[in-house]
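Before any comments, here is the structure.
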Amino acid sequence: MMKLPPQVKKAMGTLEAAGFEAWLAGGCVRDMLLGVSPQDFDLTTDALPRETAELFSACPVIETGLKHGTLTVVVDGMPLEITTYRVDGAYTDGRHPDQVYFSKSLEADLSRRDFTINAMAYNEGRGLKDPFGGREDLEARLLRCVGDPVLRFQEDALRILRALRFSSVLGFSIESQTGEALRQEKALLARVSAPRIASELLKLLCGKNVRQILLDYTEVLAVPLPELLPLKGLEPRNPRHIYDVLGHTAAAVEAIEPLPRLRLAALFHDLGKAATFSVDDLGVGHFYGHPQESVRLTADILERLGLDHRTRDRVLALIRFHDVSLEAEPAPVKRLLRKLGPEGLRDLILLKRADNLAQHPRFRQRQLHYDRLEELLETLLAQDACFSRKDLAVKGDDLLAMGMEPGKALGRMLDRLLELVIEEKLPNEKDTLLNWAETHCSNDD
(Lines give C-alpha, C1' and ligand atoms only; values in the text may rest on other atoms or scores of the structure.)
Protein backbone atom coordinates (compact mmCIF):
# COMPACT_ATOMS: atom_id res chain seq x y z
CA MET A 1 0.00 0.00 0.00
CA MET A 2 1.18 3.49 -0.72
CA LYS A 3 1.68 6.37 1.68
CA LEU A 4 -1.55 8.16 2.57
CA PRO A 5 -1.94 11.92 2.08
CA PRO A 6 -1.73 13.88 5.36
CA GLN A 7 -5.33 15.10 4.98
CA VAL A 8 -6.55 11.49 4.88
CA LYS A 9 -4.50 10.59 7.94
CA LYS A 10 -5.83 13.66 9.75
CA ALA A 11 -9.46 12.78 8.98
CA MET A 12 -9.03 9.16 10.05
CA GLY A 13 -7.19 10.25 13.18
CA THR A 14 -9.99 12.68 14.08
CA LEU A 15 -12.59 9.93 13.88
CA GLU A 16 -10.49 7.40 15.80
CA ALA A 17 -9.57 9.90 18.52
CA ALA A 18 -13.30 10.30 19.16
CA GLY A 19 -13.72 6.54 19.57
CA PHE A 20 -15.03 5.72 16.08
CA GLU A 21 -13.69 3.39 13.43
CA ALA A 22 -12.26 4.86 10.22
CA TRP A 23 -11.40 2.94 7.09
CA LEU A 24 -10.60 3.77 3.50
CA ALA A 25 -12.97 1.80 1.30
CA GLY A 26 -13.83 1.02 -2.29
CA GLY A 27 -12.00 2.22 -5.36
CA CYS A 28 -9.15 3.97 -3.57
CA VAL A 29 -8.15 0.73 -1.82
CA ARG A 30 -8.34 -1.16 -5.12
CA ASP A 31 -6.19 1.45 -6.84
CA MET A 32 -3.58 1.46 -4.07
CA LEU A 33 -3.26 -2.32 -4.29
CA LEU A 34 -2.78 -1.95 -8.04
CA GLY A 35 -0.06 0.64 -7.45
CA VAL A 36 -2.18 3.42 -8.94
CA SER A 37 -2.62 6.81 -7.27
CA PRO A 38 -6.30 7.12 -6.31
CA GLN A 39 -8.25 10.04 -7.76
CA ASP A 40 -10.40 10.22 -4.63
CA PHE A 41 -10.18 8.91 -1.09
CA ASP A 42 -13.46 7.68 0.41
CA LEU A 43 -13.73 6.94 4.11
CA THR A 44 -16.26 4.77 5.88
CA THR A 45 -16.99 4.89 9.60
CA ASP A 46 -19.41 3.78 12.28
CA ALA A 47 -19.95 7.45 13.22
CA LEU A 48 -23.42 8.69 12.32
CA PRO A 49 -23.61 11.63 9.87
CA ARG A 50 -24.44 14.14 12.61
CA GLU A 51 -21.51 12.87 14.69
CA THR A 52 -19.19 13.21 11.71
CA ALA A 53 -20.43 16.74 11.06
CA GLU A 54 -19.81 17.71 14.70
CA LEU A 55 -16.28 16.26 14.66
CA PHE A 56 -15.41 18.28 11.56
CA SER A 57 -17.28 21.44 12.45
CA ALA A 58 -14.10 23.48 11.89
CA CYS A 59 -13.97 22.27 8.25
CA PRO A 60 -16.27 23.01 5.33
CA VAL A 61 -18.87 20.22 5.31
CA ILE A 62 -21.11 19.50 2.32
CA GLU A 63 -24.18 17.30 2.72
CA THR A 64 -23.40 15.32 -0.44
CA GLY A 65 -25.77 12.42 0.14
CA LEU A 66 -27.02 12.89 3.65
CA LYS A 67 -29.94 10.45 3.34
CA HIS A 68 -27.43 7.78 2.35
CA GLY A 69 -25.07 8.75 5.16
CA THR A 70 -22.46 10.59 3.08
CA LEU A 71 -20.83 13.91 3.91
CA THR A 72 -18.04 15.61 2.01
CA VAL A 73 -15.55 17.12 4.43
CA VAL A 74 -12.88 19.46 3.09
CA VAL A 75 -9.75 18.80 5.17
CA ASP A 76 -6.91 21.25 4.49
CA GLY A 77 -8.16 21.79 0.96
CA MET A 78 -8.81 18.11 0.13
CA PRO A 79 -12.45 16.98 -0.24
CA LEU A 80 -13.06 13.61 1.41
CA GLU A 81 -16.31 11.66 1.31
CA ILE A 82 -17.08 10.15 4.70
CA THR A 83 -19.93 7.64 4.78
CA THR A 84 -21.53 5.86 7.70
CA TYR A 85 -21.55 2.05 7.59
CA ARG A 86 -24.87 1.05 6.11
CA VAL A 87 -26.98 -1.74 4.72
CA ASP A 88 -29.44 -1.11 1.93
CA GLY A 89 -33.16 -1.77 1.79
CA ALA A 90 -35.06 -2.96 -1.28
CA TYR A 91 -34.25 -1.52 -4.73
CA THR A 92 -37.72 -1.24 -6.26
CA ASP A 93 -36.56 1.13 -9.03
CA GLY A 94 -33.58 -1.05 -9.96
CA ARG A 95 -31.16 1.82 -9.34
CA HIS A 96 -31.39 3.15 -5.77
CA PRO A 97 -32.26 1.61 -2.40
CA ASP A 98 -35.66 2.68 -1.07
CA GLN A 99 -34.08 3.05 2.34
CA VAL A 100 -30.68 2.70 3.97
CA TYR A 101 -30.04 1.54 7.50
CA PHE A 102 -26.98 2.68 9.38
CA SER A 103 -24.87 -0.12 10.82
CA LYS A 104 -22.03 -0.69 13.23
CA SER A 105 -20.53 -3.46 11.08
CA LEU A 106 -17.84 -2.76 8.49
CA GLU A 107 -18.32 -6.20 6.95
CA ALA A 108 -22.06 -5.61 6.52
CA ASP A 109 -21.24 -2.37 4.76
CA LEU A 110 -18.74 -4.06 2.44
CA SER A 111 -21.21 -6.86 1.65
CA ARG A 112 -23.59 -4.47 -0.17
CA ARG A 113 -20.93 -3.34 -2.66
CA ASP A 114 -20.82 -4.35 -6.31
CA PHE A 115 -17.55 -6.25 -6.96
CA THR A 116 -15.06 -7.94 -4.69
CA ILE A 117 -12.25 -5.65 -5.85
CA ASN A 118 -14.33 -2.70 -4.61
CA ALA A 119 -15.33 -4.37 -1.34
CA MET A 120 -12.08 -3.98 0.57
CA ALA A 121 -11.19 -1.54 3.34
CA TYR A 122 -7.84 -0.34 4.67
CA ASN A 123 -6.59 1.24 7.87
CA GLU A 124 -2.88 1.91 8.43
CA GLY A 125 -3.01 0.46 11.93
CA ARG A 126 -5.31 -2.48 11.25
CA GLY A 127 -4.26 -3.37 7.72
CA LEU A 128 -6.51 -4.69 4.96
CA LYS A 129 -10.06 -5.86 5.56
CA ASP A 130 -11.01 -8.20 2.70
CA PRO A 131 -13.94 -10.49 3.59
CA PHE A 132 -14.83 -11.42 -0.03
CA GLY A 133 -11.46 -12.21 -1.61
CA GLY A 134 -10.98 -8.96 -3.46
CA ARG A 135 -7.19 -9.02 -3.24
CA GLU A 136 -7.07 -12.54 -4.65
CA ASP A 137 -9.33 -11.46 -7.53
CA LEU A 138 -7.09 -8.46 -8.15
CA GLU A 139 -4.08 -10.73 -8.42
CA ALA A 140 -6.01 -13.06 -10.74
CA ARG A 141 -7.22 -10.03 -12.75
CA LEU A 142 -10.79 -11.20 -12.29
CA LEU A 143 -14.00 -9.21 -11.88
CA ARG A 144 -16.51 -10.94 -9.61
CA CYS A 145 -19.68 -9.72 -7.94
CA VAL A 146 -20.00 -9.73 -4.16
CA GLY A 147 -22.47 -12.50 -3.37
CA ASP A 148 -25.22 -13.37 -5.87
CA PRO A 149 -24.47 -11.52 -9.15
CA VAL A 150 -28.11 -11.65 -10.30
CA LEU A 151 -29.19 -9.92 -7.10
CA ARG A 152 -26.38 -7.33 -7.41
CA PHE A 153 -27.50 -6.40 -10.94
CA GLN A 154 -31.19 -6.42 -10.03
CA GLU A 155 -30.44 -4.01 -7.19
CA ASP A 156 -28.68 -1.55 -9.48
CA ALA A 157 -28.73 -2.05 -13.27
CA LEU A 158 -25.88 0.41 -13.73
CA ARG A 159 -23.60 -2.27 -12.27
CA ILE A 160 -23.99 -4.17 -15.56
CA LEU A 161 -22.22 -1.39 -17.45
CA ARG A 162 -19.80 -0.84 -14.59
CA ALA A 163 -18.74 -4.47 -14.90
CA LEU A 164 -18.00 -4.02 -18.58
CA ARG A 165 -16.25 -0.72 -17.89
CA PHE A 166 -13.99 -2.18 -15.20
CA SER A 167 -13.16 -5.13 -17.44
CA SER A 168 -12.28 -2.79 -20.30
CA VAL A 169 -10.29 -0.26 -18.28
CA LEU A 170 -8.44 -2.70 -16.02
CA GLY A 171 -8.08 -5.46 -18.60
CA PHE A 172 -9.72 -7.95 -16.21
CA SER A 173 -11.67 -11.04 -17.19
CA ILE A 174 -15.26 -11.28 -15.99
CA GLU A 175 -15.89 -14.29 -13.75
CA SER A 176 -18.23 -16.79 -15.44
CA GLN A 177 -21.24 -16.48 -13.10
CA THR A 178 -20.94 -12.70 -13.14
CA GLY A 179 -20.78 -12.74 -16.94
CA GLU A 180 -23.82 -15.02 -17.21
CA ALA A 181 -25.78 -12.81 -14.81
CA LEU A 182 -25.06 -9.56 -16.62
CA ARG A 183 -26.19 -11.16 -19.90
CA GLN A 184 -29.30 -12.53 -18.22
CA GLU A 185 -30.21 -9.19 -16.65
CA LYS A 186 -29.17 -6.93 -19.55
CA ALA A 187 -32.73 -5.68 -20.16
CA LEU A 188 -32.52 -3.86 -16.81
CA LEU A 189 -30.23 -1.32 -18.49
CA ALA A 190 -33.38 0.28 -19.89
CA ARG A 191 -33.93 1.68 -16.38
CA VAL A 192 -30.64 3.59 -16.37
CA SER A 193 -30.64 7.28 -17.29
CA ALA A 194 -28.91 8.49 -20.45
CA PRO A 195 -26.24 10.55 -18.59
CA ARG A 196 -25.25 7.48 -16.54
CA ILE A 197 -25.11 5.33 -19.68
CA ALA A 198 -22.98 7.93 -21.45
CA SER A 199 -20.56 8.30 -18.54
CA GLU A 200 -19.91 4.55 -18.28
CA LEU A 201 -19.78 4.09 -22.05
CA LEU A 202 -17.11 6.74 -22.56
CA LYS A 203 -14.91 5.20 -19.86
CA LEU A 204 -15.47 1.72 -21.29
CA LEU A 205 -14.56 2.85 -24.80
CA CYS A 206 -11.28 4.32 -23.58
CA GLY A 207 -10.21 1.07 -21.89
CA LYS A 208 -7.42 -1.19 -23.05
CA ASN A 209 -9.73 -4.25 -23.24
CA VAL A 210 -12.45 -2.48 -25.22
CA ARG A 211 -12.16 -4.66 -28.31
CA GLN A 212 -12.90 -7.85 -26.40
CA ILE A 213 -15.80 -6.27 -24.52
CA LEU A 214 -17.41 -5.03 -27.75
CA LEU A 215 -17.16 -8.51 -29.27
CA ASP A 216 -18.04 -10.63 -26.21
CA TYR A 217 -20.87 -8.49 -24.84
CA THR A 218 -22.45 -7.02 -27.98
CA GLU A 219 -25.95 -8.05 -26.93
CA VAL A 220 -25.54 -6.30 -23.57
CA LEU A 221 -24.25 -3.08 -25.11
CA ALA A 222 -27.03 -3.29 -27.69
CA VAL A 223 -29.62 -2.51 -25.00
CA PRO A 224 -28.56 1.17 -24.94
CA LEU A 225 -27.01 0.93 -28.46
CA PRO A 226 -29.27 -1.30 -30.59
CA GLU A 227 -27.63 0.08 -33.74
CA LEU A 228 -24.62 -2.18 -33.07
CA LEU A 229 -26.47 -5.48 -33.48
CA PRO A 230 -26.92 -5.41 -37.30
CA LEU A 231 -23.12 -5.15 -37.65
CA LYS A 232 -22.56 -8.52 -36.00
CA GLY A 233 -22.13 -11.22 -38.63
CA LEU A 234 -22.34 -8.74 -41.52
CA GLU A 235 -19.59 -9.97 -43.85
CA PRO A 236 -18.19 -7.24 -46.14
CA ARG A 237 -17.38 -9.73 -48.94
CA ASN A 238 -14.49 -7.50 -49.91
CA PRO A 239 -10.77 -8.42 -50.09
CA ARG A 240 -9.88 -5.36 -48.01
CA HIS A 241 -11.56 -6.87 -44.96
CA ILE A 242 -10.83 -9.88 -42.75
CA TYR A 243 -13.52 -9.35 -40.08
CA ASP A 244 -17.27 -8.89 -40.12
CA VAL A 245 -18.30 -5.25 -39.75
CA LEU A 246 -18.54 -5.47 -35.96
CA GLY A 247 -15.10 -7.09 -35.77
CA HIS A 248 -13.68 -4.36 -37.99
CA THR A 249 -15.35 -1.72 -35.81
CA ALA A 250 -13.95 -3.21 -32.59
CA ALA A 251 -10.46 -3.39 -34.11
CA ALA A 252 -10.69 0.25 -35.24
CA VAL A 253 -11.79 1.36 -31.77
CA GLU A 254 -8.81 -0.42 -30.23
CA ALA A 255 -6.40 1.04 -32.82
CA ILE A 256 -7.25 4.70 -32.26
CA GLU A 257 -6.05 6.89 -29.39
CA PRO A 258 -8.17 6.47 -26.21
CA LEU A 259 -9.88 9.85 -26.37
CA PRO A 260 -13.70 9.89 -26.09
CA ARG A 261 -14.37 11.75 -29.36
CA LEU A 262 -12.02 9.47 -31.32
CA ARG A 263 -13.31 6.25 -29.80
CA LEU A 264 -16.92 7.34 -30.42
CA ALA A 265 -16.12 8.15 -34.05
CA ALA A 266 -14.44 4.76 -34.51
CA LEU A 267 -17.34 2.94 -32.85
CA PHE A 268 -19.98 4.57 -35.02
CA HIS A 269 -18.15 5.23 -38.30
CA ASP A 270 -19.60 2.18 -40.06
CA LEU A 271 -23.05 2.01 -38.47
CA GLY A 272 -24.62 2.77 -41.85
CA LYS A 273 -23.16 -0.30 -43.53
CA ALA A 274 -26.02 -2.59 -42.54
CA ALA A 275 -28.54 -0.42 -44.42
CA THR A 276 -26.35 0.21 -47.48
CA PHE A 277 -24.89 -3.23 -48.19
CA SER A 278 -25.04 -4.47 -51.79
CA VAL A 279 -23.23 -7.12 -53.83
CA ASP A 280 -22.13 -6.54 -57.43
CA ASP A 281 -22.15 -9.04 -60.31
CA LEU A 282 -18.72 -10.31 -59.30
CA GLY A 283 -19.88 -11.08 -55.77
CA VAL A 284 -17.98 -8.18 -54.20
CA GLY A 285 -19.69 -6.30 -51.38
CA HIS A 286 -20.17 -2.51 -51.38
CA PHE A 287 -21.56 0.04 -48.94
CA TYR A 288 -22.36 3.01 -51.16
CA GLY A 289 -23.48 6.03 -49.14
CA HIS A 290 -22.74 4.45 -45.77
CA PRO A 291 -21.01 7.54 -44.28
CA GLN A 292 -24.20 9.58 -44.65
CA GLU A 293 -26.28 6.82 -43.10
CA SER A 294 -23.72 6.45 -40.30
CA VAL A 295 -23.97 10.19 -39.62
CA ARG A 296 -27.76 9.95 -39.41
CA LEU A 297 -27.70 7.04 -36.99
CA THR A 298 -24.89 8.53 -34.88
CA ALA A 299 -26.66 11.87 -34.58
CA ASP A 300 -29.65 10.05 -33.07
CA ILE A 301 -27.43 8.13 -30.64
CA LEU A 302 -25.47 11.16 -29.46
CA GLU A 303 -28.71 13.07 -28.97
CA ARG A 304 -30.16 10.14 -27.05
CA LEU A 305 -27.09 9.94 -24.80
CA GLY A 306 -27.23 13.68 -24.16
CA LEU A 307 -23.62 14.36 -25.12
CA ASP A 308 -22.55 17.99 -25.43
CA HIS A 309 -22.82 19.79 -28.77
CA ARG A 310 -19.07 20.17 -29.22
CA THR A 311 -18.52 16.43 -28.92
CA ARG A 312 -21.46 15.72 -31.23
CA ASP A 313 -20.21 18.10 -33.90
CA ARG A 314 -16.67 16.73 -33.84
CA VAL A 315 -17.74 13.09 -33.93
CA LEU A 316 -20.23 13.64 -36.75
CA ALA A 317 -17.67 15.56 -38.82
CA LEU A 318 -15.18 12.70 -38.51
CA ILE A 319 -17.77 10.14 -39.55
CA ARG A 320 -18.96 12.32 -42.44
CA PHE A 321 -15.44 12.52 -43.91
CA HIS A 322 -14.00 9.15 -42.82
CA ASP A 323 -14.40 7.57 -46.26
CA VAL A 324 -13.10 10.56 -48.24
CA SER A 325 -9.87 9.95 -50.15
CA LEU A 326 -7.13 12.10 -48.62
CA GLU A 327 -4.57 13.31 -51.15
CA ALA A 328 -1.14 14.33 -49.90
CA GLU A 329 -1.18 17.56 -51.93
CA PRO A 330 -1.39 21.15 -50.63
CA ALA A 331 -4.72 22.15 -52.20
CA PRO A 332 -6.76 19.12 -51.04
CA VAL A 333 -5.26 19.37 -47.56
CA LYS A 334 -6.13 23.06 -47.34
CA ARG A 335 -9.67 22.33 -48.50
CA LEU A 336 -10.06 19.87 -45.65
CA LEU A 337 -8.46 22.32 -43.24
CA ARG A 338 -11.13 24.81 -44.28
CA LYS A 339 -13.86 22.33 -43.39
CA LEU A 340 -12.38 20.68 -40.31
CA GLY A 341 -9.68 22.97 -38.91
CA PRO A 342 -6.23 21.70 -37.84
CA GLU A 343 -7.37 19.60 -34.87
CA GLY A 344 -10.27 18.14 -36.84
CA LEU A 345 -8.00 17.12 -39.71
CA ARG A 346 -5.46 15.59 -37.33
CA ASP A 347 -8.32 13.59 -35.81
CA LEU A 348 -9.51 12.51 -39.25
CA ILE A 349 -6.06 11.19 -40.14
CA LEU A 350 -6.04 9.23 -36.86
CA LEU A 351 -9.44 7.75 -37.72
CA LYS A 352 -8.26 6.87 -41.24
CA ARG A 353 -5.20 5.17 -39.74
CA ALA A 354 -7.33 3.14 -37.32
CA ASP A 355 -9.79 2.24 -40.08
CA ASN A 356 -6.90 0.98 -42.21
CA LEU A 357 -5.27 -0.96 -39.35
CA ALA A 358 -8.57 -2.81 -38.88
CA GLN A 359 -8.48 -4.05 -42.50
CA HIS A 360 -6.54 -6.91 -44.13
CA PRO A 361 -2.79 -6.59 -43.37
CA ARG A 362 -1.82 -6.48 -47.03
CA PHE A 363 -3.59 -3.13 -47.41
CA ARG A 364 -1.81 -1.48 -44.49
CA GLN A 365 0.77 0.24 -46.68
CA ARG A 366 -1.71 3.12 -46.50
CA GLN A 367 -0.03 3.99 -43.19
CA LEU A 368 2.93 5.37 -45.18
CA HIS A 369 0.52 7.62 -47.08
CA TYR A 370 -0.87 8.93 -43.79
CA ASP A 371 2.70 9.62 -42.64
CA ARG A 372 3.22 11.84 -45.71
CA LEU A 373 -0.14 13.48 -45.16
CA GLU A 374 0.69 14.35 -41.55
CA GLU A 375 4.06 15.78 -42.60
CA LEU A 376 2.40 17.97 -45.25
CA LEU A 377 -0.27 19.14 -42.80
CA GLU A 378 2.29 20.22 -40.22
CA THR A 379 4.40 21.93 -42.94
CA LEU A 380 1.39 23.92 -44.16
CA LEU A 381 0.50 24.96 -40.62
CA ALA A 382 4.11 25.99 -39.92
CA GLN A 383 3.99 28.12 -43.08
CA ASP A 384 0.75 29.81 -41.93
CA ALA A 385 -0.99 28.56 -45.06
CA CYS A 386 -4.26 30.28 -45.93
CA PHE A 387 -7.24 27.98 -45.51
CA SER A 388 -9.94 30.15 -43.90
CA ARG A 389 -11.40 33.62 -44.32
CA LYS A 390 -9.49 34.90 -41.32
CA ASP A 391 -6.24 34.00 -43.12
CA LEU A 392 -7.12 35.99 -46.26
CA ALA A 393 -5.13 39.14 -46.93
CA VAL A 394 -8.45 40.76 -47.91
CA LYS A 395 -11.27 41.36 -45.41
CA GLY A 396 -14.88 42.34 -45.79
CA ASP A 397 -14.09 45.97 -44.97
CA ASP A 398 -11.65 46.07 -47.90
CA LEU A 399 -14.38 44.97 -50.28
CA LEU A 400 -16.81 47.50 -48.83
CA ALA A 401 -14.24 50.25 -49.30
CA MET A 402 -13.89 49.14 -52.90
CA GLY A 403 -17.61 49.80 -53.39
CA MET A 404 -19.25 46.42 -52.81
CA GLU A 405 -22.59 46.42 -51.03
CA PRO A 406 -22.93 44.47 -47.79
CA GLY A 407 -24.84 41.22 -48.16
CA LYS A 408 -24.58 37.72 -49.58
CA ALA A 409 -22.59 38.80 -52.62
CA LEU A 410 -19.79 40.08 -50.40
CA GLY A 411 -19.62 36.77 -48.55
CA ARG A 412 -19.58 34.86 -51.82
CA MET A 413 -16.71 37.03 -53.04
CA LEU A 414 -14.65 36.30 -49.93
CA ASP A 415 -15.31 32.58 -50.37
CA ARG A 416 -14.33 32.75 -54.03
CA LEU A 417 -11.08 34.55 -53.21
CA LEU A 418 -10.35 31.94 -50.55
CA GLU A 419 -10.93 29.13 -53.06
CA LEU A 420 -8.54 30.75 -55.53
CA VAL A 421 -5.85 31.08 -52.86
CA ILE A 422 -6.35 27.51 -51.66
CA GLU A 423 -6.11 26.24 -55.24
CA GLU A 424 -2.94 28.38 -55.62
CA LYS A 425 -4.45 30.22 -58.58
CA LEU A 426 -3.89 33.54 -56.81
CA PRO A 427 -1.31 34.50 -54.17
CA ASN A 428 -2.61 35.61 -50.82
CA GLU A 429 -1.66 39.25 -51.46
CA LYS A 430 -4.02 42.11 -50.79
CA ASP A 431 -3.52 44.10 -54.00
CA THR A 432 -3.76 41.02 -56.23
CA LEU A 433 -6.95 39.84 -54.51
CA LEU A 434 -8.57 43.30 -54.64
CA ASN A 435 -7.75 43.65 -58.33
CA TRP A 436 -9.33 40.27 -59.05
CA ALA A 437 -12.38 41.15 -56.95
CA GLU A 438 -12.84 44.50 -58.70
CA THR A 439 -12.68 42.80 -62.11
CA HIS A 440 -15.21 40.13 -61.15
CA CYS A 441 -17.34 42.20 -58.77
CA SER A 442 -21.13 41.77 -58.76
CA ASN A 443 -23.47 43.14 -56.16
CA ASP A 444 -26.33 40.89 -57.20
CA ASP A 445 -27.59 38.85 -54.26
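Indicate the gyration tensor shape class of segment 210-315 (rounded, prolate or oblate), computed on the Cα atoms with a ≥ b ≥ c the square roots of the eigenvalues: a/c under 1.5 is rounded; otherwise a/b larger than b/c is prolate and the rest oblate. Each step should come with its number before you reach the end.
Numbers: a/c = 1.80, a/b = 1.46, b/c = 1.23.
Since a/c reaches 1.5 and a/b is larger than b/c, the shape of segment 210-315 is classed as prolate.
Once you put a point 7 Å from the Cα of A18 and another 7 Å from the Cα of A187, both along the Cβ direction, what distance in nm separates them?
4.8 nm
What net charge do the residues around L377 carry, taking every other residue with its C-beta under 10 Å from that of L377, with Lys and Arg at +1 and Asp and Glu at -1?
On the way: positive: K334, R346, R372; negative: E374, E375, E378.
With Lys, Arg at +1 and Asp, Glu at -1, the neighbours total 0.
What net charge is computed for the residues neighbouring L43, neighbours being all others with C-beta under 14 Å from the C-beta of L43, Lys and Arg scored +1, Asp and Glu -1?
Its environment carries a net charge of -4.
With the chain treated as a Gaussian network of Cα nodes joined by springs under 10 Å, which of L34, L170, L221 yields the largest mean-square fluctuation?
L34
Calculate, in nm to one decimal, what T64 and A331 gain on full extension: separation in residues at 0.36 nm each, minus their alpha carbon distance.
Details: separation 267, 0.36 × 267 = 96.12 nm, distance 5.55 nm.
Contour length minus Cα-Cα distance gives 90.6 nm.
Given a Förster distance of 56 angstrom, what is the FRET efficiency for L259 paired with N435, based on the Cβ-Cβ distance and rounded to 0.05?
On the way: r = 46 Å, r/R0 = 0.81.
Rounded to the nearest 0.05, the efficiency is 0.75.
Taking square-rooted eigenvalues a ≥ b ≥ c of the alpha carbon gyration tensor, is segment 166-233 rounded, prolate or oblate, where a/c under 1.5 means rounded and, failing that, a/b exceeding b/c means prolate?
Working: a/c = 1.21, a/b = 1.14, b/c = 1.06.
The shape class here is rounded.
About the Cα centre, and with charges only on the beta carbon of Lys, Arg (+1) and Asp, Glu (-1), how big is the dipole of the chain? Nearest 20 debye, please.
On the way: 58 positive and 68 negative charges, 111 e Å.
That gives a dipole near 540 debye.
If you roll a 1.4 Å probe over segment 28-148 with all protein chains in place, what percent of the accessible area is carbon or sulfur? Display every interim value, and only then the final one.
Details: 2660 of 5720 Å².
So the carbon and sulfur contribution to the accessible surface is 47 percent.
Find out how many positive minus negative residues lie around A255, taking Lys and Arg as positive, Asp and Glu as negative, among other residues whose Cβ is under 10 Å from that of A255.
Working: positive: R211, R353; negative: E254, E257, D355.
Overall, the nearby charge balance is -1.
What does the accessible area of K9 come to, in Å² to the nearest 10, when a probe of 1.4 Å is used?
Estimated to the nearest 10 Å², K9 gives 80 Å².
Hand me the trypsin sites (Lys or Arg not before Pro) from segment 336-384 located in a DSSP loop with no more than 16 other Cβ atoms within 10 Å, in residue order please. Each step should come with its number before you reach the end.
Numbers: sites: R338, K339, R346, K352, R353, R362, R364, R366, R372; in loops: R364.
Answer in residue order: R364.
Probe radius 1.4 Å, ligands and nucleic acids ignored: give me the carbon and sulfur share of the accessible area of segment 300-387 as a rounded percent. Show your work: numbers first, answer last.
Numbers: 2140 of 4370 Å².
Of the solvent-accessible surface of segment 300-387, carbon and sulfur hold 49 percent.
Return the percentage of antiparallel bridges among DSSP beta bridges fully within the chain, rounded to the nearest 5 %. Mind showing how you got there, number by number?
Numbers: 23 of 29 bridges.
Approximately 80 percent, going by the DSSP bridge assignments.
In what order, largest first, do D46, D391, D40 sit by accessible area if the probe radius is 1.4 Å? Show your work: numbers first, answer last.
Values: D46 20, D391 45, D40 100 Å².
Result of the area sort, largest leading: D40, D391, D46.
Looking only at D323, D313, D398, which one moves most when the chain is put into a Gaussian network model with springs between Cα atoms under 10 Å?
D398
Rounded if a/c is under 1.5, else prolate if a/b beats b/c, else oblate: with a ≥ b ≥ c from the C-alpha gyration tensor eigenvalues square-rooted, which is segment 9-124? Please report the intermediate quantities before stating the final value.
Values: a/c = 1.59, a/b = 1.15, b/c = 1.39.
Here segment 9-124 falls in the oblate category.
Rolling a 1.4 angstrom probe over the protein heavy atoms, how many square angstrom per residue are accessible across segment 153-258? Walk me through the numbers before you get to the answer.
Numbers: 4140 Å² over 106 residues.
With all protein chains present, segment 153-258 gives 39 Å² per residue.
Helix-only mean residue ellipticity at 222 nm, the chain, DSSP H runs n ≥ 4 weighted -39,500 (n - 2.57), per residue, nearest 500. What is it?
Values: 21 runs with 220 residues, N = 445.
Dividing the helical sum by the residues of the chain leaves -14500 deg cm²/dmol.
Leaving out ligands and nucleic acids, note down the accessible area per residue over segment 271-384 with a 1.4 angstrom probe, in whole Å².
On the way: 5760 Å² over 114 residues.
Here the residues of segment 271-384 average 51 Å² of exposed surface.
Which loop-located GluC sites (Glu not before Pro) does segment 392-445 contain, where loop means any DSSP state but H, G, I, E or B and the Cβ has at most 16 other Cβ atoms within 10 Å? Spell out each step's value before the answer.
Values: sites: E419, E423, E424, E429, E438; in loops: E423, E424, E429.
Here the GluC sites (Glu not before Pro) that fit, given the DSSP loop and packing criteria, are E423, E424, E429.
Which entries in K186/K273; K273/K334; K3/K104; K208/K232; K339/K425 show an alpha-carbon gap greater than 23 Å?
Numbers: K186/K273 26 Å; K273/K334 29 Å; K3/K104 27 Å; K208/K232 21 Å; K339/K425 20 Å.
Beyond 23 Å: K186/K273; K273/K334; K3/K104.
Using the alpha-carbon atoms, what tilt in degrees (0 to 90, nearest 10) does helix 309-321 show relative to the longest principal axis of the chain?
On a 0 to 90 degree scale, this one is about 50.
May I ask you to give the solvent-accessible area per residue for segment 1-137, in square angstrom, as obtained with a 1.4 angstrom probe?
Values: 6310 Å² over 137 residues.
With the other protein chains kept in place, segment 1-137 gives 46 Å² per residue.
The values are calculated or read from the model by the stated rules, or taken from the named source; none is laboratory data. The structure displayed is predicted, hence computed values, not measured ones. Cβ atoms come from the backbone with ideal geometry, glycine included; neighbour counts cover every protein chain shown. Surface accessibility is based on the protein's heavy atoms, side chains included, excluding ligands, DNA and RNA. Shrake-Rupley method; radii C 1.70, N 1.55, O 1.52, S 1.80 Å.
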